[in-house]
Amino acid sequence: MPLHRDRPLFPTRRRVMQGAAAAGALSMSPLKVKAQGIEQLSSYAAERAKTLAAGRAVALRFLVPVGSEANVAPVIAAFTEKTGITVDLHPIALDDINTHLILSAFTNDQPYDVALPATYALPDLVDAGAIRPLTDFARRHEPLGLRSGVLFDVGDTYDGEIYGFQADGDTYVMFYNARLLNDPAEQDRYLAQTGTPLTIPDTWEELDQQMAFFHRPDAGLYGGALFRVSGYLAWEWWVRFHAKGVWPFAPDMTPQIAGEAGVAALTELIAASAFLVPEAATLGLFENWQRFGRGDVYCNIGWGGTQKYLNGPESAIRDDLVFGPTPGGVVDGEILRAPYFNWGWDYVVSQASTEPEIAYLFSLFASSPDISTHSVRARDGYFDPFRTEHYADPIIREVYSDPFLDVHRESLQNSIPDLYLANQSEYFSVLNNWLDAAMNQEISPHEALVRTTQDWSLITLRAGVDSQTERWARLRAKYPEPTRSRLRDL
């Protein structure tokens, strides 16, 4: 998932600004009429695109992650029917889409017009000059209220510019085996053993205790299936750390993760690994879903895509699920939760597109309430609800179930953001590498986080301390209340 870049190959910020200027120049187009309301937005976007393409055979090249084809198929079909513009779909592996988008943008080897990279990748894509700012297009075309209807859109903007349209509500959610959680005999035994009732855990400490309780390998039962592949370690640690009530960086970008809170979060994560399925360290995304779906594991962590699978015919646990937010921590005597938006797909326009306004209008069309609802409905795709309208749709409710959607919506509204700073992939790649070293007992948890802070400081220095500090200040302000007011600096 992390994106590794060879910096000398990529253009400077000047090229990005030139792209912005080009987008601004397009504002001289006669098509200046803004959509009057979100109810007619898909029709408006299609009409504008059709007018721009009049008299020409326009075909957009669309780069998408494997697994999203079912989500974008109805979008493409509707757009082509209304505009006559064809959209050629190019699926690529989840882990490769960001690198592929950058390389294709600057080799000019059949460049893409539209792409669906992960939300956390937008800072890196902007820094590489691979995607085009959309602010001027948005001013020209977007109706009031379009983006306010998105429950999490923090990752769509960067350095004061709009770069994307959120297409997927990927906030972390917990999944519990209802057969175990609600078993009276297990509840009695747990109460006798721990002195506390067996309920959906409020804290990571409680979750770890419950996983230990249910972990009975000799009986073919396991405590959890939480991710332990190296590229995913940072996500769980990030939530555990925030639940300790500390900001990862001070206001001046000094890392604050190697203190008591960070070490405790990593120590607990490592200890909890003893109560997971034995193959946890090798399970990727889809393998994780399949493993938990066998029904012999107490809990798992995942997204709406996880629920689409678990609520489907291949899951043995389909009718035995209970959902909850990610656990929190006790700070000043109260529970502090930090639900986390750590993935999601975003519609973006490639810097190399020869039809940038039509590519933008396709993205706008796809992001309209009616079209995005059709997209999220797809059972075989992994887009999740992200607009308020999605939660009322009867098909989406059937695909996900009302109990899941209740938890998902609350988590999405209160999610902390990913680290949307320049060089995001480098920060998280370093963090994952040192966490993995601690997991493998190559170094201590404290040493792993000290090494991380040293590397993070170098990354910040290369990115520019002043500019990175400004970005961090803006990002801190976007943390949701009450989380933001309860995090402290050391």
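The values are calculated or read from the model by the stated rules, or taken from the named source; none is laboratory data. Here the structure is a predicted model, which means the values were calculated and not measured. Don't worry about glycine lacking a Cβ; one is built from the backbone with ideal geometry, like all the others, and counts go over all protein chains shown. Surface accessibility is based on the protein's heavy atoms, side chains included, excluding ligands, DNA and RNA. Shrake-Rupley method; radii C 1.70, N 1.55, O 1.52, S 1.80 Å.
Summary of computed values
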read-out	value
Output for region 313-358, where each listed residue is in contact (Cβ under 8 Å) with a residue 24 or more places away in the chain, of a type in the set (A, V, I, L, M, F, W, C) and in a loop (DSSP other than H, G, I, E, B)	I317, A338, W343, A352
Residue, nearest to G344 (Cα to Cα), within region 85-100, restricted to residues that are open to solvent by 10 Å² or more (accessible area, probe 1.4 Å) and of a type outside the set (A, V, I, L, M)	D95
Residue in region 433-452 that is of a type in the set (A, V, I, L, M, F, W, C), under 23 Å from the mean Cα position of the chain (by Cα) and closer than 17 Å to A265 by Cα present	yes
Single residue of region 121-137 satisfying the filter (at pLDDT 95 or above and open to solvent by 10 Å² or more (accessible area, probe 1.4 Å)) that is farthest from Y158 (Cα to Cα)	D136
So L321, is it surrounded by fewer than 24 Cβ atoms within 10 Å (Cβ to Cβ) and among the hydrophobic types (A, V, I, L, M, F, W, C)	yes
Those residues of region 474-483 which are part of a helix (DSSP H, G or I) and open to solvent by 60 Å² or more (accessible area, probe 1.4 Å), in sequence order	R474, A477
Test: residue in region 400-409 that is within 26 Å of Y176 (Cα to Cα) and in contact with a Lys or Arg (Cβ under 9 Å, 6 or more places away or on another chain)	yes
Of all residues making up region 391-410, the number that are free of Cβ contacts under 8 Å to residues at least 40 places away in the same chain and closer than 23 Å to A118 by Cα	3
Test for G304: is it in contact (Cβ under 8 Å) with a residue 12 or more places away in the chain, closer than 30 Å to E206 by Cα, open to solvent by less than 10 Å² (accessible area, probe 1.4 Å) and over 18 Å from the mean Cα position of the chain (by Cα)	no
Checklist (1) out of contact with any Asp or Glu (no Cβ under 6 Å at 6 or more places or on another chain); (2) modelled with pLDDT of 95 or more; (3) closer than 25 Å to A378 by Cβ; (4) open to solvent by less than 40 Å² (accessible area, probe 1.4 Å) applied to C299, failing item	(3)
Residue, least open to solvent (accessible area, probe 1.4 Å), within region 165-224, restricted to residues that are of a type in the set (D, E, K, R) and more than 30 Å from the chain's Cα centre (by Cα)	E186
Given (1) open to solvent by 10 Å² or more (accessible area, probe 1.4 Å); (2) touching a Lys or Arg at 6+ places or on another chain (Cβ under 9 Å), index of the condition H374 fails	(2)
Helices (runs of 4 or more DSSP H) contained entirely in region 392-446, each with at least 3 residues that are among the β-branched types (V, I, T)	394-400
Qualifying positions in region 149-164 - in contact with a strand residue (DSSP E or B) (Cβ under 9 Å, 6 or more places away or on another chain), more than 19 Å from Y340 (Cβ to Cβ) and not in a loop (DSSP other than H, G, I, E, B)	G149
Filter result (touching a helix residue (DSSP H, G or I) at 6+ places or on another chain (Cβ under 6 Å), under 26 Å from I459 (Cα atoms) and among the acidic types (D, E)) within region 108-127	D124
Answer from G328, G333 - the residue that is crowded, with 19+ Cβ neighbours inside 10 Å and closer than 27 Å to W247 by Cα	G328
Test result for V16, open to solvent by 50 Å² or more (accessible area, probe 1.4 Å), modelled with pLDDT under 95, among the β-branched types (V, I, T) and out of contact with any strand residue (DSSP E or B) (no Cβ under 6 Å at 6 or more places or on another chain)	no
Residue in region 101-114 that is of a type outside the set (G, A, S), part of a helix (DSSP H, G or I) and open to solvent by less than 10 Å² (accessible area, probe 1.4 Å) present	yes
Residue among I416, I395 that is open to solvent by 20 Å² or more (accessible area, probe 1.4 Å), among the hydrophobic types (A, V, I, L, M, F, W, C) and at negative phi	I395
Number of the condition not met by A118 [criteria: (1) open to solvent by 10 Å² or more (accessible area, probe 1.4 Å); (2) small (G, A, S); (3) within 20 Å of the chain's Cα centre (by Cα)]	(1)
Pair list, Cβ < 9 Å and 6+ apart or interchain, from region 411-431 residues that are under 28 Å from F323 (Cα atoms) to residues that are among the aliphatic types (A, V, I, L, M) and modelled with pLDDT under 95	F428/M1
